[in-house]
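Worksheet: the structure to be examined is printed underneath.
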Amino acid sequence: MAKLTRVPLTGLAPGERKLDSKTAHYLCDVLRLRAGEKFLAFDPQSQLEADARLAVSEDGTYCGVGALREAARSTDTGIVLVQALGKGDKTEQVVRSATALGVAELHLVESARSVSRVNDRSDGKRVRWEAIALDAARQSGRADIPKIVGPHALARELDAWRETSAMKLCLVPGAAQSLRSLTADWTLGSPIAILIGPEGGLAAEEVSEAERAGFVAASFGELVLRTEIAGTAVLGALLLLAQG
């Protein structure tokens, strides 16, 4: 049986509904589905899904939504990635990869060496980041999307973590303790925060401030990773380690 194409539909409910122009374009023009063909509709907010059938009429594009069921792949990793803003499209790469790897929350922060800065256009960027996360969820089979927080100053983010009991790690090349040793007793679903610096890494005073907020410096191999790769590599490693 062929795997159905996944399409996000918010407010998913049984019955017929008219599709918005963007979804209609994706189904009819990009995927080239024809009237009567089926697809899998999923709602990332309710984490429900249903089989749906495309219908086209003179007044628009519709779909008939079948019985709702719990989504097959819900994520509850407990992982929060605290990622310093990168230049260009690097933050978009992080959003895409982190979503596909099941991060629960993605907190975006501005640090001393961040080339990209928090400004009046940040709200517009977050709309795009959320759209990227939704597309990554669709492609990866994930039922939900991560909560995206920020962007805001690193100091504000660290203040929010000071009184929490979650495991908190800060990736620092050459740190005395390794990610593997520090996460030996961590289990998937338990809260854990991973702080990743920007190009050039976190400044020494920022690492010290993170440690005062309860973060522990952790090394990850002998090589220095690019900021947009580090989070992806760490998330993959955590998922692998959690499998035992």
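Tabulated results
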quantity	calculated
The chain, helix-only ellipticity at 222 nm - DSSP H runs n ≥ 4, -39,500 (n - 2.57), divided by all residues, nearest 500	-8500 deg cm²/dmol
The chain, relative contact order in percent, only Cα pairs under 8 angstrom and at least six apart counted	20 percent
Built amide H within the under 5 Å cut-off of SER219, gap 5+	VAL172, ALA175, GLN177, SER178, LEU179
In Å, descending, principal axis extents of the Cα set of segment 37-98	47, 28, 16
Charge dipole (segment 1-85, unit charges on Cβ, about Cα centre) - positive-most of LEU9, GLY36, ALA67	GLY36
For segment 176-244, convex hull volume per residue from C-alpha positions, Å³	97 Å³
Semi-axes of the equivalent ellipsoid for segment 141-194, Cα gyration tensor, largest first, Å	21, 19, 12
Hz values of 3J(HN,Hα) by residue in segment 186-196 - Karplus curve (6.51, -1.76, 1.60), Gly and Pro given as x	6, 10, 4, x, 6, x, 8, 10, 10, 9, 10
Segment 30-113 - charge dipole about Cα centre, Lys and Arg +1 at Cβ, Asp and Glu -1, debye rounded to 20	340 debye
Cβ charges +1 (Lys, Arg) and -1 (Asp, Glu), total dipole of the chain, debye	520 debye
Distance cut-off 21 Å, percentage of C-alpha pairs in segment 1-139 lying past it	51 percent
Whole-Hz couplings from phi, Karplus 6.51/-1.76/1.60, listed for segment 50-60; x for Gly and Pro	6, 6, 9, 10, 6, 9, 10, 9, 5, 9, x
Qualifying lysines (Cα of each under 21 Å from Cα of LYS38; at least 8 residues distant if same chain)	LYS3, LYS18, LYS22
FRET efficiency estimate (nearest 0.05) - Cβ-Cβ, LYS38 to ALA184, R0 35 angstrom	0.15
The chain - accessible surface per residue (Å², probe 1.4 Å)	52 Å²
Long-range amide H partners of TYR62 with built H, under 5 Å	LEU19, ALA55, VAL56, SER57
Under Karplus coefficients 6.51, -1.76 and 1.60, residue-wise ³J(HN,Hα) of segment 175-184 in Hz, glycine/proline x	4, 5, 9, 8, 4, 5, 5, 6, 9, 4
Distant-in-sequence amide H partners of LYS87 (H built 1.01 Å from N, under 5 Å)	VAL115, SER116, GLU199
Gyration tensor (Cα) of segment 84-218, equivalent ellipsoid semi-axes in angstrom	24, 20, 13
Sulfur and carbon atoms: percent of accessible area, the chain [1.4 Å]	51 percent
Two-decimal ratio, the chain, of alpha-carbon radius of gyration to 2.2 N^0.38 Å	1.14
Among 140-146, 129-135, the order from most to least packed when residues are scored by Cβ within 10 Å on average	140-146, 129-135
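The values are calculated or read from the model by the stated rules, or taken from the named source; none is laboratory data. Nothing here was measured: the structure is a model prediction, and the numbers come from that model. Cβ atoms come from the backbone with ideal geometry, glycine included; neighbour counts cover every protein chain shown. These area figures cover heavy atoms from the full protein model, side chains too; ligands, DNA and RNA do not enter into them. Shrake-Rupley method; radii C 1.70, N 1.55, O 1.52, S 1.80 Å.
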